[in-house]
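Engineer: Okay, here's the structure, questions in a sec.
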Amino acid sequence: MAARLLDVPEVDARLPEIITAYRAMYAMAADEGYGYSLELIGYSRRDGFRLAAAFDDDDDRVLGFGLGFTGLAGQIWTDSLAAAMDPGVSNEWLGGHFEFAQFGVVPDMRRRGVATDVYEVLFADLPHDRGILTVIETNVPARTFYEAHGWTTVHRDFYSPSGLGPYRVMGKQLHGAAV
Ligand SMILES: CC(C)(COP(=O)(O)OP(=O)(O)OC[C@H]1O[C@@H](n2cnc3c(N)ncnc32)[C@H](O)[C@@H]1OP(=O)(O)O)[C@@H](O)C(=O)NCCC(=O)NCCS
C-alpha cells in the first residue's frame, strides 16, 4: 500500500472506487453518495486541484483519499467562511489558499498510517502558501490528526450553508513548513 497522486483522467476513471471508499468512510448505504460524485467531478475541474489516494496491493480498492484545490472568492464554501469569520482573519487566510476539502480512510484500515501516507503525498511540494480546512467540532480523530500536523484553529462555530456544523476552521502556513 502506497499513496500516490491521481491526475484528472484517472480520477474520472476511478470514480466508482473513490465513491465506494467515500461511502465506507461515512457509513453510507450503497444507494447513497451519488451527489458526492458530481461534487468531486466539480472539484476536479477547479484550479489547483490535487487528489492523493492509497490503494490496496491489487490496486483495485481505495483505502483512503484526500483532495483539495485553490480556494477562491465566488466558491460557495470560501464565501460562506468569509462571511462568518472576522474580516482580519478571513483576509489573512482566505483567497488563493489550498482548500483541503476531503480526507478519510475506510474504517477497517484506520490507525495503520494510511491517512498519514495520503496526507504526505497530497501536501508534498504544494505551491500554495496557506491551507484551510473545516472539521466537525466533535470529530476527535480528525482534529487530533490535524493538530499533530501543525494545523491551528482560526475560527470556531462555523455552520455550512445547508446548516451542518458546528465546524472548526483550521489553517496552516505551508511554505517552508514540515508536511
Ligand atoms: C481521521 C482519519 C482520516 C485518520 O485516518 P487513519 O488512517 O486512522 O490515521 P493514521 O493511522 O495515519 O493516524 C495518524 C494520527 O492521527 C491521529 N488519530 C487517528 N485516529 C485517531 C483516533 N481515533 N483518535 C485520536 N487520534 C487519532 C493520531 O495522532 C494518529 O497518530 P498515532 O496513531 O501515532 O496516535 C480517519 O479516522 C477517518 O477517515 N475518519 C472518518 C472521515 C473523517 O472524519 N475525515 C476527516 C474529515 S475533516
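All of the numbers you see were taken from the coordinates with simple rules; none came from a lab. Since the model is a prediction, treat every value here as computed from it, not as a measurement. Positions of Cβ are backbone-derived with ideal geometry, glycine not excepted, and every protein chain shown enters the neighbour counts.
Engineer: If the elastic network links every pair of Cα atoms under 10 Å, which of GLY74, GLY150, GLY163 fluctuates the most in the Gaussian network model of the chain?
Structural biologist: In the Gaussian network model the winner is GLY163.
Engineer: When the Karplus curve 6.51 cos²θ - 1.76 cosθ + 1.60 is applied with θ = phi - 60°, which whole-Hz ³J(HN,Hα) does each residue of the range 15-32 get, with x for Gly and Pro?
Structural biologist: Whole-Hz 3J(HN,Hα) from phi for the range 15-32: 3, x, 5, 5, 5, 4, 5, 4, 4, 5, 4, 10, 6, 8, 6, 4, 9, 9.
Engineer: I need ILE132, ILE41, ILE76 ordered by Cβ neighbour count within 10 Å, fewest first.
Structural biologist: Details: ILE132 25, ILE41 13, ILE76 10.
Least to most surrounded, the residues fall as ILE76, ILE41, ILE132.
Engineer: Below 8 Å between Cα atoms, with a sequence gap of 6+, how large is the relative contact order for the chain in percent? The partial results should precede the final answer.
Structural biologist: Working: 300 pairs, mean separation 36.1, N = 179.
The normalised contact order for the chain reaches 20 percent.
Engineer: Which ³J(HN,Hα) values in Hz, rounded to whole numbers, follow from the phi angles of the range 135-140 under the Karplus curve 6.51 cos²θ - 1.76 cosθ + 1.60, where θ = phi - 60° and Gly and Pro get x?
Structural biologist: Karplus values, whole Hz, x for Gly and Pro: 9, 4, 3, 7, 7, 5.
Engineer: Mind ranking 113-119, 31-37, 141-147 by how tightly packed they are, going by the mean number of other C-beta atoms within 10 angstrom, highest first? Show your work: numbers first, answer last.
Structural biologist: On the way: 113-119: 19.9, 31-37: 12.6, 141-147: 15.4.
By packing density, highest mean first, the sequence is 113-119, 141-147, 31-37.
Engineer: While we're here: Taking the Cα centre as origin and putting +1 on Lys and Arg beta-carbons and -1 on Asp and Glu beta-carbons, what dipole magnitude results for the chain, to the nearest 20 debye?
Structural biologist: 440 debye
Engineer: Something else: In nanometres, what is the gap between the two model label sites at SER37 and LEU5, each 7 Å from Cα along Cα-to-Cβ?
Structural biologist: 2.7 nm
Engineer: Hey, how much of the P(r) for the chain falls beyond 29 Å, as a percent of Cα pairs? Provide the component values of the computation, followed by the final result.
Structural biologist: Working: 2451 of 15931 pairs.
Roughly 15 percent, once rounded to a whole number.
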